[in-house]
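S.K.: I'd like to ask you about the structure that follows.
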Amino acid sequence: MPKHILTIIITILAFIFTSCFGNDEPDVKGPTRRTVVVYMVATNSLGTLDYDTKDINEMKLAIESIGNTNCRLLIYYTAYNSEPSLIEIKNTNGKAVTETLKTYSSSVYSTSIERMSEVFSDIETFAPATDYGLILWSHATGWVRELSSKSIATNSGIDVLDFGEDRKHQMSITELSEAIPTGMFSFIYADACYMGSIEIAYQLRNKTSYYIASPTETLGTGMPYDENIPCFFEETPNLIKACENTFNEYDSQTGIYRSITIALTDCSKLQSIAELCHDIHADPTSTEISPYELQKYNRGANPIYVDFLQYTSLLATKSQATTLQNILNDAIIYKACTPSFAELEINEEHFSGLSTYILGTSTPENETFYSTLDWYKDVYNH
């Protein structure tokens, strides 16, 4: 048989084989302007109460309203009764269509460095982009190793560690920081409780340019994804507008559902804040400040999270306090709070947007873990 005829036959057979049997891997498109990633860990009470489904439906509404853009929305989604998967919501003929890009084994927890690192690597492969944004979706207690409270988000008691809860397995803030690639995400939005502390923002300072989080709990309904996804898809992500949308969503509610605190932090300013706080803590003007006299952000008797600026200013000289206020004004691009979060009063005058911890005011386990954070190492080590 002539060689050129054999080549033609092989080519035809290859085409037929591919057409009939398909390809296990999705087509990888060229780089887009931005890929927004929602890391959704719903194998907990949030999933039981269908908050995951409601938020995904909001995302679908957003994609339908936006139409075709040069941006992509991906969700790493782990829920009960299904294997974890990386999915994309895209607009096809005016309708939101969900495509599964990859399925993972549930034998690896979604709240592990191994799984999170794998997902971010896969995202760069399946959805290459010149820019990325990350939304962290799950339960959280911030950096603390234990924090028990009555959650109005789920109407149940929670006792979780740090970020995320996947079938009772949690992820520490240091593990979260290790799993997030340096420089990959231009913004991170933590749609989870207690993630708005100076300690967490500082831990993530090299992982993102801008960080959005709440120093208090957040309600289970989370941010309004139908309004915020379009903000994230703008030429320059409109993070202030996204914060305003979230605040207005809850400020318009009544009763305990009028409960929200939120702040947008420019992470490039955090190193200067840490250096100043190092000097303040090295020679404080006072050593007898009671956390019970400060604005606190966690419910329950023990004030583990107190206002960062209010507390630090009491330790500082007048000149240091003025400098800190000025740097923080530059760092906190947006902040807003309702008059209370459930029964916890929020004094707007003392709301800096970030919480902090006072050494020696919690459990030995929390104290030990706190000493592993970058904030402790750079601020308290003298």
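S.K.: Any residue at all in segment 134-150 that is free of Cβ contacts under 8 Å to residues at least 60 places away in the same chain, crowded, with 22+ Cβ neighbours inside 10 Å and under 17 Å from Arg33 (Cα atoms)?
M.R.: Checking segment 134-150: not a single residue is free of Cβ contacts under 8 Å to residues at least 60 places away in the same chain, crowded, with 22+ Cβ neighbours inside 10 Å and under 17 Å from Arg33 (Cα atoms).
S.K.: Just the residues that are open to solvent by less than 30 Å² (accessible area, probe 1.4 Å) and closer than 26 Å to Asp226 by Cα, please, taken from segment 91-110.
M.R.: Asn91, Ala96, Leu101, Ser110
S.K.: Counting just the residues of segment 209-244 that are open to solvent by less than 10 Å² (accessible area, probe 1.4 Å) and among the polar types (S, T, N, Q), which one comes out nearest to Tyr132 (Cα to Cα)?
M.R.: Filtering segment 209-244 for residues that are open to solvent by less than 10 Å² (accessible area, probe 1.4 Å) and among the polar types (S, T, N, Q), the one nearest to Tyr132 (Cα to Cα) comes out as Asn228.
S.K.: Still on this structure, I have one more. Run down Asp307, Asp251 and say which single residue is of a type in the set (D, E, K, R), open to solvent by 20 Å² or more (accessible area, probe 1.4 Å) and at pLDDT 95 or above.
M.R.: Step by step, each of Asp307, Asp251 is checked, and only Asp251 is of a type in the set (D, E, K, R), open to solvent by 20 Å² or more (accessible area, probe 1.4 Å) and at pLDDT 95 or above.
S.K.: Hey, among Ile280, Ile289, Ile358, which residue is surrounded by 14 or more Cβ atoms within 10 Å (Cβ to Cβ) and either small (Gly, Ala, Ser) or within 20 Å of Pro215 (Cα to Cα) (or both)?
M.R.: On the way: Ile280 fails: either small (Gly, Ala, Ser) or within 20 Å of Pro215 (Cα to Cα) (or both); Ile289 fails: either small (Gly, Ala, Ser) or within 20 Å of Pro215 (Cα to Cα) (or both).
From the options Ile280, Ile289, Ile358, the qualifying one is Ile358.
S.K.: What are the residue pairs meeting all of these: first residue in segment 183-205, first residue within 25 Å of Thr312 (Cβ to Cβ), second residue among the basic types (Lys, Arg) and surrounded by fewer than 24 Cβ atoms within 10 Å (Cβ to Cβ), Cβ atoms under 9 Å, and 6 or more apart or on different chains?
M.R.: Matching pairs, first to second residue: Ile188/Lys207.
The values are calculated or read from the model by the stated rules, or taken from the named source; none is laboratory data. Computed from a predicted model, the values in this text were never measured in an experiment. For neighbour counting, all protein chains shown are included, and Cβ atoms are generated from backbone atoms with ideal geometry for every residue, glycine included. Remember, those area values only see protein heavy atoms, side chains included, never the ligands or the DNA or RNA. Shrake-Rupley method; radii C 1.70, N 1.55, O 1.52, S 1.80 Å.
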